[in-house]
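Input: a single structure, listed below in structure tokens.
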Amino acid sequence: MKRGIYITANDKVTEQTIALLESIRLYDKDTPIVLIPYDDNYKNIAQLIANSYGVTVYPDLEFIERLSQKLYDIFGQNFFARPNQFRKQACWFGEFDRFLYIDTDIVVFEKIIDHLNYLDKYDFICCDYQHKGGIKNVFNSKIIEKNIFNESELQDIFNGGFWASKKNLISEQDLYDTFTECAENPDYFDFSEKTSDQPIINYMILKRVERRCNLVRQPGKQAGNWGGSKNFQRQGNILVDTKNDVPLLYIHWAGIRIEPGCPYWDIWKHYRYLNEPEPPELSQAPKKKSQLQKTFARLKNKLKGK
């Protein structure tokens, strides 16, 4: 049974991709990793990570293009802010019998592939506290009003940046059927903050996969992982959740621009430059804009929108 990790990336997120792969390879030299190109602008990053981290490119690029185009067409032009995020659904049809998908705005703090052992008992794994925020960024209240999912099922809402499952558990037709059903009921979903794949994929998993497991809901204390949390403290080169004194499995800067001055910048910087000199300018946090600069920027954006 072949196990491995999928990522999506292009040349634009080279720095994030390096940080993620440095963290994975620090704890795990051997697990195969496959790149699903986010778009056609991926040749430089593909060559770099092949040479440095042994990452291979998903072999059937024509399939990825066909799949993503058909999913895009079901909803129609300009519906999704970032339709290429759906390319990650090629995970279901790749070379790994059991796989872990990881967004590039993540760094891990242990041999993360070992958590695929939970797939002996479950068919889908996630690890986050997305459900603690209610249905925001996933569903609208219509999903409750129409009793599409009950309260217990909604506790299985997850973040689409880190999840694991099994090859062919979801078929290509399952994807098309799910997207068609969702396109007929767009009022079920919360796209207010420009999420693209997360609402639809949550709907698909809650509808089609019964044996689900969120690692943070397993017995015992479990850490969160969102980069916007103020509960984490650095201990060595990992983070610990001070609420329960438990180390994080990973940290995810979802919705946060990774740059000097951002939360836990020192941790990201550590992994990014684990094996090369750190540029001196990265030690400086960006200067905060004055109120006058902020006002000018708002006026400029308004004029652009006209």
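Rule-based calculations on the coordinates, nothing more; no lab input. Small disclaimer: the values here were computed from a predicted structure and weren't measured. Counting neighbours? That spans all protein chains shown, and the Cβs are built from the backbone with ideal geometry, glycine included.
The H on the amide N of TRP163, modeled in the peptide plane, is under 5 Å from the matching H of TYR101, each at least 5 residues off or on a different chain. Rounded to the nearest 20, the size of the Cβ-charge dipole of the chain about its Cα centre is 1240 debye, with Lys and Arg at +1 and Asp and Glu at -1.
The relative contact order of the range 3-217, computed from alpha carbon pairs under 8 Å that lie at least 6 residues apart in sequence, is 26 percent. For the range 38-89 and the range 255-270, write down the distance between their C-alpha centroids in whole Å. Between the Cα centre of the range 38-89 and that of the range 255-270, the gap is 26 Å.
Normalised by the number of residues in the range 1-85, what is the relative contact order in percent for Cα pairs under 8 Å and 6+ residues apart? Taking the mean separation of contacting Cα pairs over the length of the range 1-85, I get 30 percent. In the chain, the alpha-carbon atoms span a convex hull of 162 Å³ per residue. For the range 183-240, the spread of Cα coordinates along the three principal axes comes to 49, 29, 15 Å, biggest extent given first.
When shorter helices are ignored and each DSSP H run of at least 4 residues is given -39500 (n - 2.57), the per-residue value for the chain at 222 nm works out to -9500 deg cm²/dmol. From least to most packed, judged by other beta carbons within 10 angstrom and beginning with the fewest, MET1, MET204 follow the order MET1, MET204.
Structure remark: mean-square fluctuation, Gaussian network model of the chain, C-alpha springs under 10 Å; the largest value among ALA223, ALA183, ALA164 belongs to ALA183.
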